[in-house]
1. Of a type outside the set (Phe, Trp, Tyr), surrounded by 22 or more Cβ atoms within 10 Å (Cβ to Cβ) and at pLDDT below 95: is that true of residue A:48 in this structure?
2. Against the definition (under 27 Å from residue A:306 (Cβ atoms), more than 10 Å from every other protein chain (Cβ to nearest Cβ) and charged (D, E, K, R)), how does residue A:76 come out, yes or no?
3. What number of residues within region A:319-341 satisfy the criterion of being of a type in the set (Gly, Ala, Ser) and either closer than 20 Å to residue B:40 by Cβ or outside any loop (DSSP other than H, G, I, E, B) (or both)?
4. Are there strands (runs of 3 or more DSSP E) fully within region A:343-431 with at least 2 residues that are touching a Phe, Trp or Tyr at 6+ places or on another chain (Cβ under 8 Å) and within 23 Å of residue A:201 (Cβ to Cβ)? List them.
5. Among the residues of region B:213-266, which ones are among the polar types (S, T, N, Q) and part of a helix (DSSP H, G or I)?
6. Which numbered condition in (1) surrounded by fewer than 21 Cβ atoms within 10 Å (Cβ to Cβ); (2) modelled with pLDDT under 95; (3) at the interface with another protein chain (Cβ under 7 Å from one of its Cβ atoms) is the only one that residue B:326 fails?
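The values are calculated or read from the model by the stated rules, or taken from the named source; none is laboratory data. Everything numeric in this text was worked out from a predicted model, so none of it was measured. Every residue, glycine as well, gets a Cβ built from its backbone with ideal geometry; the counts of neighbours run over all protein chains shown.
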Amino acid sequence: MDGLDVERLLGLALDLAGSMGASYAEARYHALHGHQAGLMDGRVFAAGYEETVGLAVRVIVDGGLGFSATNRLTREGVEEAVRRAVAGARLASGMLRRPVRMAPGRLGRAKYSVSERRPLESLGLEEKLGMLRERVGAAGLEGLGIEIRRLTVFYQELRERKVLATMNGGYIESYVPRVLVGYNITASSGGSVRNRLGMLGWSGGLEGLDEEDLTGSLEDDARSLAVALTRAGRIEPGRMDVVLSPELTGIAVHESIGHPSEADRVLGREAAQAGLSYWSELELGDRLGSEHVTVVDDPTVPGSFGFYLYDDEAVPARPRFLLLEGRVREMLHNRETGAVYGVGSNGAARARDYKSEPIVRMANTFVQPGDHSLEELVEGVRSGVYIRKYMEWNIDDYRWAARYVGLEAYRIRNGRLEEPVRDVVLEITSPEFWGSIDAVGRDLRLYPGFCGKGEPMQAIPVTMGGPSIRLRGVMVR
Amino acid sequence: MTGFEELEALAGEAGRRLHGLAEEFVVLARGVEREMLKLARGEASVVQSWNSIEFGVYVARRDGRLLFTELSTSSPGDAVESVARLVERLEPSPLYAPLPRATGESYSLVDPAIARHLSGEERLDLAHDIELELLGDVAGMASLSRTRLVLLNSHGERLRGDKTAFTGYLRVFRGGRSGQWSWAHTGYDGGRPARRAAQAARELAEECQGLPAERVEPGRYRVLLSPMVAGNLVDELVGMANGASILFGMSFIRPDTIGERVFSEALTIVDAPRDASLPGYSLFDDEGVATRDKAVVRRGVLETVLHNSKTAKAMGAETTGNAGLLMPRPFSIVVEPGDLGSDELLEALGNGVYVTNNWYTRFQSYPEGAFSTVTRDAVFIVRGGRPVACTGRIRIADRLGELFSRVEAAGREAWRLEWWEIPVPSLVPHLLVGEAGITTA
């Protein structure tokens, strides 16, 4: 790999850590390579390349956890990294009541890679830009009654290569290429100006540019802006039924089920950063949502932005059922939290790059689809609102109360979609949200994103999604 | 150890490879040593350390073709050369501007105590100096770092920077209530910045613990923003007073309002790269241009939009010495203090809400500045100038420009802050806002 004897360097790190008293050690070679570019109104304003290559070492000594990272990929560089990790672990061990330990369990010894039908390395940057520009240029953004003031499009690819070795026999080599295309459309009408951020992302090669409909996404978002800017009025606040699109379901499941299910957050390890979790008050089997709600986090979804087969502690990935028919089924665990709870890891340890410690993360989090069509969901509403797209969202650091503000939304009366309404606010607690769902659609869709957590902040690729869902009798402003 | 000798050698090699391939280039070689103690439940959850070399490379031809590269590797030569060969296959960029001369100066702002700690020569006792044993249930982090920087460019100019930083934040829990505060300094000062932050966090948690709980109904309230909250919202504002944000349609700031009073007269915000107490300190930007302290907002008047040479040319302005590798950026933000002490601020608030920390600020519409942000930790209900109750998590939902036009006063004491929600090191006082929208679930 890159002319380096990576396996030898990893072995050196593990041997040295063991000789220095580590009861656990892992070493990870982690490389990210890829092109980046930005288009502004169809012209390339900047292009670039990212290369992040280095080695991470994590050890447990006397119950303390130490982590170090270096990009000096020499014997001396690796030895120094191990010494720093061990020194850090010893320092931590003096400030502990409960020693850190790793849950036992089966570790992988495997190599895997995501195949690319059109490999990212097979085309030059200028050819990729040509493909991108062709799709952007094909988007019909005129004739909507709005002025498109600015269209910026960002292309980013990251070819991720990892070699992970753990003291107790885990060894994983992996290659996962990912592509992200993000954009911002800023449009105006009359005295109003709005913008819409969009994102497409996948694991695999450039074939994704054909499979993901960038042109169609741009056109659809421009239409949404036109609706918001030219036709939408205000909604009368009140309690009513709400139908949410897969885009809204996705952000809600990520924020109010996925994040609170992270066991390190439940244990308080991220308390000063990403916060705490209302799941700390729940037991397995407790009812949180209605019987229509089953939530899965599954890293193994082929082609997904959050795809992986082994986590960064060499634990095999598998689907995790966070909620099963509305009841709490399991949390997301790494080996540390799996040991605390006595349940073992379920393969949720992820690190952004060589500079990052593996912590508990989501992968692809979604509500399992049901059997309703969107039309059937709407037909069952006498008075309500359908929110199709959002811009503003946030949630408190206990993951208790979230806010979603619609960009494109429509009033529902007597089972029919009627006039558009703008800036519809759904500000709601997590139990009320998931408990008020009485029907789930079959239109499952996943949306890519970068999820932030950790210190230093690690933005990792994930997807979030689900089908359209219907909530009964919730407050809308 | 990442010494200047090594950085100079690697940057020099990159520069040699670029000669002949690029008419204009900048190589930024950065050596970073950092150690971080991360805390949770009053214990050390992990101690992390980093020793890495990072490169930022800008390559351009005078016909406007340009390329940026970010490399985190100790052997950048081949990557630099192959990337430089890409540039001729690109089209001219609408943002190209001739590379300015490196008018900045080299600098060294190194606290020997931090330098000795990171080199292992004489270790500091962070837990002792923060007085961790007094804090009980606490989470957060404390970080010590040293960054060496070498800049060289195609004009044959070369600059060096060398600085240290002591940053962190602590969240103290007391009986289901909490307070959080941060610090950001270029020096260790015996750990005093961390102790002050710990005391502030503890006092907020304990004061909140001693008050009854009360719910806030949605509506419009007089609001006192703590420096932690004001720092986050000012950071968002300065992020929009940025040439790139405006060009990309991601800002409510209109450049044609430069020179006009668009915010409250009580508000003065300075980008202060030459403030030697703040970790953003630098005497040159990523294009080598000399930095200068400048008001973004002076007594409510929009005075400066931050630029590098490229956004400046695109918008018919001059660079403000705020170049990042690609986009303009602030270095350190200073909000001018006022003359009210803490009791006077509460008295001036009268009846309203005192918000001490927030997170997750998100925009419904960047061009309109419509946003909301969620409070966390202690939120006080104030009546008659006295905190009478503590409330749960609520939201401020408003328009950012309008909120800053309703600032009535700033506090006398300012705090040096940096954390998740204040990514740019900032020196910020309390800000009293005459009215802001509050929402709850």
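1. So residue A:48 passes the test.
2. Values: under 27 Å from residue A:306 (Cβ atoms): no; more than 10 Å from every other protein chain (Cβ to nearest Cβ): yes; charged (D, E, K, R): yes.
Considered against the rule, which asks whether it is under 27 Å from residue A:306 (Cβ atoms), more than 10 Å from every other protein chain (Cβ to nearest Cβ) and charged (D, E, K, R), residue A:76 comes out as no.
3. If we filter region A:319-341 for residues that are of a type in the set (Gly, Ala, Ser), which is where we start, we get A:326, A:338-339.
Cutting the leftovers down to either closer than 20 Å to residue B:40 by Cβ or outside any loop (DSSP other than H, G, I, E, B) (or both) gives us A:338-339.
Within region A:319-341, residues that are of a type in the set (Gly, Ala, Ser) and either closer than 20 Å to residue B:40 by Cβ or outside any loop (DSSP other than H, G, I, E, B) (or both) number 2.
4. A:383-395, A:401-413
5. B:232, B:245, B:257
6. (1)
The rows are residues; the columns are (1) within 21 Å of residue A:79 (Cβ to Cβ); (2) in a helix (DSSP H, G or I).
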| residue | (1), (2) |
| --- | --- |
| B:6 | yes, yes |
| B:14 | no, yes |
| B:17 | no, yes |
| B:29 | no, no |
| B:38 | no, no |
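Each row is one residue, and each column tells you yes or no for (1) under 26 Å from residue A:452 (Cβ atoms); (2) touching a Cys at 6+ places or on another chain (Cβ under 6 Å); (3) buried (at least 21 other Cβ atoms within 10 Å of the Cβ); (4) not assigned by TED's automatic domain parsing to the domain that holds residue B:240.
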{"site": "B:274", "(1), (2), (3), (4)": "no, no, no, no"}
{"site": "B:305", "(1), (2), (3), (4)": "no, no, yes, no"}
{"site": "B:354", "(1), (2), (3), (4)": "no, no, yes, no"}
{"site": "B:359", "(1), (2), (3), (4)": "yes, no, yes, no"}
{"site": "B:374", "(1), (2), (3), (4)": "yes, no, yes, no"}
